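These notes are about the structure you will find just below.
The values are calculated or read from the model by the stated rules, or taken from the named source; none is laboratory data. Quick caveat: nothing in here was measured; it's all calculated off a predicted structure. All Cβ positions, glycine included, derive from the backbone under ideal geometry; neighbour counts span all protein chains shown.
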């Protein structure tokens, strides 16, 4: 739709875990304990990805930066390459809405397809529509882990709202609605009709 890469550090980490890389093993241990990957590792992953050729026309960052230190690192990285962020879109949702949505998410470990038990369930309960494998709930989608990650979010990530607000880049969107109007709002913000 936008013809630019969608860059999710979470996807990069999961890919490394799936492929049993050294980074993947380290990240897996951190995530299984409900922690966040340290800034130094996350920054290097982001830097390497942003330097690829497909990012020359732009990109969408998803889940990065998550801390003020990561944001400052990204600022320096963009300054060094004469680039800038156009927008920082903050999809606002209550903790309870987030817990409800994430705890109902399911994942196919074979093909990577994501399901949601209410909005996009598989046709046959517990079975992937694409490859027929058994779908699972990822460890980071369990309520206890979500609550712990929300605590970390409030401590480490929420300060980014003021950081980007002061830079004039922050745009808030009501995230408690259905996906379609949220997407429509995002597309309007970035100038896609």
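Being free of Cβ contacts under 8 Å to residues at least 60 places away in the same chain, in the same structural domain as residue 153 (by TED's automatic domain parsing) and either surrounded by 14 or more Cβ atoms within 10 Å (Cβ to Cβ) or closer than 23 Å to residue 191 by Cα (or both), is that true of even one residue in region 85-99? Yes, there is a match, as at least one residue in region 85-99 is free of Cβ contacts under 8 Å to residues at least 60 places away in the same chain, in the same structural domain as residue 153 (by TED's automatic domain parsing) and either surrounded by 14 or more Cβ atoms within 10 Å (Cβ to Cβ) or closer than 23 Å to residue 191 by Cα (or both). Taking the criterion of being buried (at least 17 other Cβ atoms within 10 Å of the Cβ), assigned to a helix (DSSP H, G or I) and without any contact (Cβ under 8 Å) to a residue 40 or more places away in the chain, the residues of region 25-66 that qualify are 27, 28, 39, 42, 43, 45, 46. In this structure, does residue 180 turn out to be out of contact with any helix residue (DSSP H, G or I) (no Cβ under 9 Å at 6 or more places or on another chain) and at pLDDT 95 or above? When the stated conditions are applied, residue 180 does not pass them. Which ones in region 145-168 are over 17 Å from residue 63 (Cβ atoms) and surrounded by 13 or more Cβ atoms within 10 Å (Cβ to Cβ)? Selection gives 147, 165, 167. Surrounded by 12 or more Cβ atoms within 10 Å (Cβ to Cβ), at pLDDT below 90 and within 30 Å of residue 191 (Cα to Cα), is that true of residue 15? Criteria not met by residue 15. Restricting region 127-146 to residues that are touching a helix residue (DSSP H, G or I) at 6+ places or on another chain (Cβ under 9 Å) and part of a loop (DSSP other than H, G, I, E, B) leaves a set whose member that is modelled with the lowest pLDDT is 138. Checking each residue in region 103-130 for being farther than 27 Å from residue 149 by Cα and exposed (fewer than 13 other Cβ atoms within 10 Å of the Cβ) picks out 123, 124, 125, 130.
Against the numbered list (1) over 17 Å from the mean Cα position of the chain (by Cα); (2) without any contact (Cβ under 8 Å) to a residue 60 or more places away in the chain, residue 150 comes up short only at (1).
Where strands (runs of 3 or more DSSP E) sit wholly within region 73-126, those with at least 3 residues that are touching a helix residue (DSSP H, G or I) at 6+ places or on another chain (Cβ under 9 Å), modelled with pLDDT of 95 or more and under 20 Å from residue 182 (Cβ atoms) occupy 88-92. Taken together, 6, 20 contain a single residue that is exposed (fewer than 13 other Cβ atoms within 10 Å of the Cβ), more than 16 Å from residue 152 (Cβ to Cβ) and within 18 Å of the chain's Cα centre (by Cα), which is 6.
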